[in-house]
1. Kindly list, by first and then second residue, each pair from a residue in the stretch 9-30 that is part of a helix (DSSP H, G or I) to a residue that is at pLDDT 90 or above and open to solvent by 70 Å² or more (accessible area, probe 1.4 Å), limited to pairs with Cβ atoms under 8 Å and residues at least 6 apart or on different chains.
2. Quick one: which residue in PHE25, PHE6, PHE29 is surrounded by fewer than 10 Cβ atoms within 10 Å (Cβ to Cβ), at pLDDT 90 or above and of a type in the set (Phe, Trp, Tyr)?
3. So which of VAL90, VAL51, VAL82 is aliphatic (A, V, I, L, M) and under 24 Å from the mean Cα position of the chain (by Cα)?
4. Quick check: anything in the stretch 42-60 β-branched (Val, Ile, Thr), at negative phi, surrounded by 10 or more Cβ atoms within 10 Å (Cβ to Cβ) and touching a Gly at 6+ places or on another chain (Cβ under 8 Å)?
5. Taking the stretch 78-101, which residues are within 18 Å of GLN48 (Cα to Cα), open to solvent by 40 Å² or more (accessible area, probe 1.4 Å) and not in a strand (DSSP E or B)?
6. Identify all residues within the stretch 41-65 that are in a loop (DSSP other than H, G, I, E, B) and touching a residue at least 24 places away in the same chain (Cβ under 8 Å); write none if there are none.
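The values are calculated or read from the model by the stated rules, or taken from the named source; none is laboratory data. Given the structure is predicted, the values throughout are model-derived calculations rather than measurements. Neighbour counts run over all protein chains shown; Cβ positions are idealised from the backbone, glycine included. With ligands, DNA and RNA removed, areas are computed over all heavy atoms of the protein, side chains included. Shrake-Rupley method; radii C 1.70, N 1.55, O 1.52, S 1.80 Å.
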Amino acid sequence: MITPAFAQGAGAGSGADVALQFVPFVLIFVIMYFLILRPQQRRLKDHQSMVKNLRREDTIVTNGGLVGRVVKVADDASEVEVEIAPNVRVKVVRSMISEVRVKGGPVKAS
């Protein structure tokens, strides 16, 4: 069925062939890093700095869609107090703030 000439031509696989098989996987990982992982890390860093720099009188939007004005910010707490209507104040976890629409006035020196 198989002639002796074809049987002799098929040699054992070399190490270079195995290395060439991994090149596409390495390229896919590099592409995924630059297109997915790196921008996600940058967005996370920007969000953390935005939440850290929150001040009184900032207008914010939460992940749930509530729009309100920051009334009280504590540096050590993970919550801020937000006024969503006149005389209606709620506490919001800092990480649930999605954007700051209008920056407030200057920070008062304590």
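1. none
2. Details: PHE6 fails: at pLDDT 90 or above; PHE29 fails: surrounded by fewer than 10 Cβ atoms within 10 Å (Cβ to Cβ).
That would be PHE25, the only listed residue that is surrounded by fewer than 10 Cβ atoms within 10 Å (Cβ to Cβ), at pLDDT 90 or above and of a type in the set (Phe, Trp, Tyr).
3. VAL51
4. Yes, some residue in the stretch 42-60 is β-branched (Val, Ile, Thr), at negative phi, surrounded by 10 or more Cβ atoms within 10 Å (Cβ to Cβ) and touching a Gly at 6+ places or on another chain (Cβ under 8 Å).
5. Listed by number, the residues that qualify are SER78, SER95, MET96.
6. Scanning the stretch 41-65 gives LEU54, ARG55, ARG56, GLU57, ASP58, ASN63, GLY64.
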